[in-house]
Amino acid sequence: MVPLSILDLSPISAGATGAQALRNSLDLAQLADRLGYVRYWVAEHHNLPSIASSAPDIMIGQIAAVTTRMRIGSGGVMLPNHAPLMVAERFKVLEALYPGRIDLGLGRAPGTDPATSYALRRRQGISEEDDFLERFNELMLLETRGFPAGHPFHNVRAMPADVKLPPIYLLGSSDYSAQLAGHIGAAFAFAHHFAHFDAAEAMQLYRDNFRPSPAHDKPFAILATHVICADSDPEAARLALSADLNLVRRSKGEHLPLASPEDAAAYDYTPADRARVAQNRARIAVGAPESVKKQLTPLLAATQANELMVTTMVFSHEARKHSYELLARAFS
């Protein structure tokens, strides 16, 4: 069976608080550690009332402290929002405290809207160009001390200097990201849960373009997807109503906490809304354990993913925990 891991966005439900969402993440991580999940990643999003995960490096330390076995990482750090030196130092500190258990997932998107992106980067210099590769190269040169003599950063060392950066994963949802991950010899995590690009094609592009690097001598691909599992197909479909309404609202610029299934069922959907939901449902595995497994098996076969990373966005924290319990049982 393909190993299972978790991508946690710390969802905020209507009537709950961001603080509770973050504590829920700690609770879920402890359960996942006991259930045998191999990896637990937290996201970086900003200015979204439905997502509390805005500081992955802080959450990684908190989660690593209350778990013992899983690898804990970022899914991901949005590199355009950060100075590479700060990323290097924060993840070296995490690696020093929890050696062999930290992952550094890097993303190219800002993880927010344009105004918030500007606020995040206003003291770094704003550029209309995609400078991810420039920032990535700077991160790598800081790690290898590869800046030549005379360069302003030649004597800059990311501290603690005697600790290596944790393994790097490049996140993506397009053909560009897949090819870039291959070219730089990074591990690759594909965001099937929101990507419009075909997952199998992205994985193949990654492998076709892969060049061995000091970190990876062969490709390693993680498939991230959305799963909602319950004791029965009807119950899973009911839970998924919250995700349906969240999608519709986001498409209209309404970034609200996750609605309850009851409120979602009562929402006045337009025909365009229902078409959008139906299209998105093709990317979500929803159902009882055997139904979910049947939905995921052909996707895993087509992508040949080395690992399945699951995100679950439902209203109830207990239902989210139960979904991961059922999934772990189905794939054990």
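Considering only residues in the range 47-60 that are open to solvent by 20 Å² or more (accessible area, probe 1.4 Å) and more than 14 Å from the chain's Cα centre (by Cα), the one that is nearest to Ala319 (Cα to Cα) turns out to be Pro49. On the stretch given as the range 26-44, residues that are open to solvent by less than 10 Å² (accessible area, probe 1.4 Å) and among the charged types (D, E, K, R) total 1. Residue check: is Ala65 closer than 21 Å to Leu247 by Cβ, part of a helix (DSSP H, G or I) and more than 15 Å from the chain's Cα centre (by Cα)? The answer is no for Ala65. Helices (runs of 4 or more DSSP H) fully within the range 234-332 that include at least 1 residues being surrounded by fewer than 20 Cβ atoms within 10 Å (Cβ to Cβ), in contact (Cβ under 8 Å) with a residue 40 or more places away in the chain and under 22 Å from the mean Cα position of the chain (by Cα): 271-281, 289-303, 317-330. Among the listed residues Ala200, Ala189, Ala195, identify the single one that is in contact with a strand residue (DSSP E or B) (Cβ under 7 Å, 6 or more places away or on another chain) and either among the small types (Gly, Ala, Ser) or open to solvent by less than 60 Å² (accessible area, probe 1.4 Å) (or both). Sole residue among the options that is in contact with a strand residue (DSSP E or B) (Cβ under 7 Å, 6 or more places away or on another chain) and either among the small types (Gly, Ala, Ser) or open to solvent by less than 60 Å² (accessible area, probe 1.4 Å) (or both): Ala189. Inspect all residues belonging to the range 256-265 and state whether any of them is touching a helix residue (DSSP H, G or I) at 6+ places or on another chain (Cβ under 9 Å), within 27 Å of Ala221 (Cα to Cα) and among the small types (Gly, Ala, Ser). No; the residues of the range 256-265 include none that is touching a helix residue (DSSP H, G or I) at 6+ places or on another chain (Cβ under 9 Å), within 27 Å of Ala221 (Cα to Cα) and among the small types (Gly, Ala, Ser). On the basis of being at pLDDT 90 or above and either hydroxyl-bearing (Ser, Thr, Tyr) or exposed (fewer than 15 other Cβ atoms within 10 Å of the Cβ) (or both), does Tyr176 make the cut? Answer is yes for this residue.
The values are calculated or read from the model by the stated rules, or taken from the named source; none is laboratory data. Every value quoted in this text rests on a predicted model; they were computed, and no experiment measured them. Please note: Cβ atoms are built from the backbone with ideal geometry, for glycine as well, and neighbour counts cover all protein chains shown. Accessible surface is based on the protein model in full, side chains and every heavy atom, while ligands, DNA and RNA are left aside. Shrake-Rupley method; radii C 1.70, N 1.55, O 1.52, S 1.80 Å.
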